[in-house]
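Q: If you scroll down you'll find the structure; I have some questions about it.
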Amino acid sequence: MLHPDDKQRTQELVRRHLKENEPYDIDFRLRRKSGNFGWFQSRGQAIRNELGQPTRMTGSIRDITNRKQAEEALRKSEERFRSVFKQAGVAVGVVESQTGRFVQINSKYEELIGYSNEEMTGKTWMEISHPDDIEEDLEKSRDLNEGEINRFSMEKRLIHKDGSLIWINLTVSPIGNSQEIPEQHIVIVEDITERKRLEEEAHEHRERLAHVTRLSTLGEMATGLAHEINQPLAGIGTYASACLLLLRATDPFPEREKLIDILGKIEVQSRRAGEIIHGLRKLVAKRESVHTSFSINQSVDNALALTESEARTQDIHVRRELASDLPRIHGDEIQIEQVILNLVCNAIEALRESESNRREILVRTSQDEQLIVVDICDTGPGINADDVERVLDAFVSTKDEGMGLGLSISRSIIEAHGGRLWVEPNPDCGVTFYVNLPTSQDADS
């Protein structure tokens with residue numbers, strides 16, 4: 001009945017028990033009536049006579065097959081985990097859930113971080129994390145330990161042994177019974193340093209293209225801007241001359257009110273000149289992208305202020321219908337102004353060659369649920385049906401001298417702000433460009 005592999009071991013334990021006169025505890029396999037073997041546990045001791053000789057055995061025996069099967073399943077599971085852990089094609093580590101100390105890392109993790117498994121054992125993940133990323137990781141780890149989430153992922157930076165930064169995509173899951181506080185976490189790390197580098201290069205490239213486009217746009221407007229600046233400056237000179245004449249021709253203060261009026265006009269014209277110059281400098285300044293909360297109506301006003309002179313020169317009437325009480329937008333105000341300016345300049349160029357008596361541009365703002373909508377509508381010759389779908393693509397231009405970059409960059413800027421830019425032909429004449437942008441509340445959520 002006793003399994004052959006257990007016979008010798010069981011007999012030796014029984015002989016030792018009989019010799020040393022201590023209680024025994026033996027696990028062994030017995031053949032059942034069905035012919036299958038089951039695991040049993042036997043505990044007991046020998047009953048001895050007055051001479052100390054064993055006369056019979058007393059004890060208990062119980063079936064532990066289920067326990068043995070569970071132990072075997074656990075052993076195989078642990079073996080599979082160790083095998084997968086060591087041979088995984090990605091960086092994997094095990095950390096203590098409460099302290100954040102590493103228990104072990106695999107070879108891929110060693111290659112990624114520069115430390116060996118022995119060097120990492122006992123270190124905390126906080127020691128190799130960028131300081132700016134620790135708080136978010138700690139908060140998510142607490143939620144994981146408290147059972148509010150069953151896993152989390154985040155992008156963060158690790159500090160390599162040589163001091164360089166590594167961008168990673170981190171995924172953390174608990175090890176053990178989900179009903180209890182996990183003792184350990186398993187962390188899976190994907191190196192995304194190269195992807196981040198390419199994203200940064202693309203961002204810098206887009207910024208450079210946007211800067212070139214702003215300069216190109218302003219180059220086309222240089223004559224009109226010079227005229228726009230000259231007018232207030234000429235007004236300043238005229239009013240200043242009048243002020244001097246009055247001062248020389250009159251007694252000290254009899255013309256006080258007139259002087260106040262003239263000086264007030266000087267102040268207004270000076271402010272106007274300053275605002276134009278400030279807008280020009282702000283638009284062409286090379287700078288990092290800065291996101292703030294701003295009014296789309298103010299951006300429209302700022303952009304149109306730079307096109308007034310050109311529109312008047314071309315005998316184009318620019319109308320604006322700006323909705324009141326619009327929510328604010330969160331983004332780069334200068335970039336959004338650049339998009340509006342570029343679209344209005346495109347409309348002016350379209351109308352420049354138009355023979356229509358109706359030369360109008362309408363700029364309108366409105367709200368559609370959580371989106372701010374800006375429409376730039378012109379009465380120009382319009383766009384061919386074949387060009388509507390591709391006019392926003394890079395290096396596609398409807399102008400002989402155009403580079404085909406302005407609208408493509410404008411679309412990239414709007415999409416980077418979570419919005420959309422598209423164009424539709426008007427029923428009668430011209431086209432309308434539509435810009436949708438999320439509000440500050442929608443962007444924050």
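The values are calculated or read from the model by the stated rules, or taken from the named source; none is laboratory data. Everything numeric in this text was worked out from a predicted model, so none of it was measured. A quick note on method: Cβ atoms are made from the backbone with ideal geometry, for glycine too, and the neighbour counts reach across all protein chains shown.
Q: Go through the stretch 366-387 and count every residue that is part of a helix (DSSP H, G or I) and either in contact with an Asp or Glu (Cβ under 9 Å, 6 or more places away or on another chain) or farther than 21 Å from residue 410 by Cβ (or both).
A: Summing the residues that are part of a helix (DSSP H, G or I) and either in contact with an Asp or Glu (Cβ under 9 Å, 6 or more places away or on another chain) or farther than 21 Å from residue 410 by Cβ (or both) in the stretch 366-387 gives 1.
Q: Can you give me the number of residues within the stretch 1-44 that are at pLDDT below 80 and touching a helix residue (DSSP H, G or I) at 6+ places or on another chain (Cβ under 8 Å)?
A: Number satisfying all stated conditions: 2.
Q: Under the condition of being of a type in the set (Lys, Arg) and outside any helix (DSSP H, G or I), which residue from the stretch 86-127 is nearest to residue 172 (Cα to Cα)?
A: My answer is 101.
Q: Continuing with the same structure: Here are 118, 110: which of them is among the acidic types (Asp, Glu), loosely packed, with under 12 Cβ neighbours inside 10 Å and under 38 Å from the mean Cα position of the chain (by Cα)?
A: Going through 118, 110 in turn, just one is among the acidic types (Asp, Glu), loosely packed, with under 12 Cβ neighbours inside 10 Å and under 38 Å from the mean Cα position of the chain (by Cα): 118.
This table checks each residue for (1) at pLDDT below 90; (2) aliphatic (A, V, I, L, M); (3) closer than 17 Å to residue 298 by Cα; (4) touching a His at 6+ places or on another chain (Cβ under 8 Å).
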residue: 340; (1), (2), (3), (4): no, yes, yes, no
residue: 346; (1), (2), (3), (4): yes, no, no, no
residue: 351; (1), (2), (3), (4): yes, yes, no, no
residue: 372; (1), (2), (3), (4): no, yes, yes, no
residue: 375; (1), (2), (3), (4): no, no, yes, no
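Q: Could you please find all residues in the stretch 318-365 being surrounded by fewer than 14 Cβ atoms within 10 Å (Cβ to Cβ) and assigned to a strand (DSSP E or B)?
A: Matches in the stretch 318-365: 319, 320, 321.
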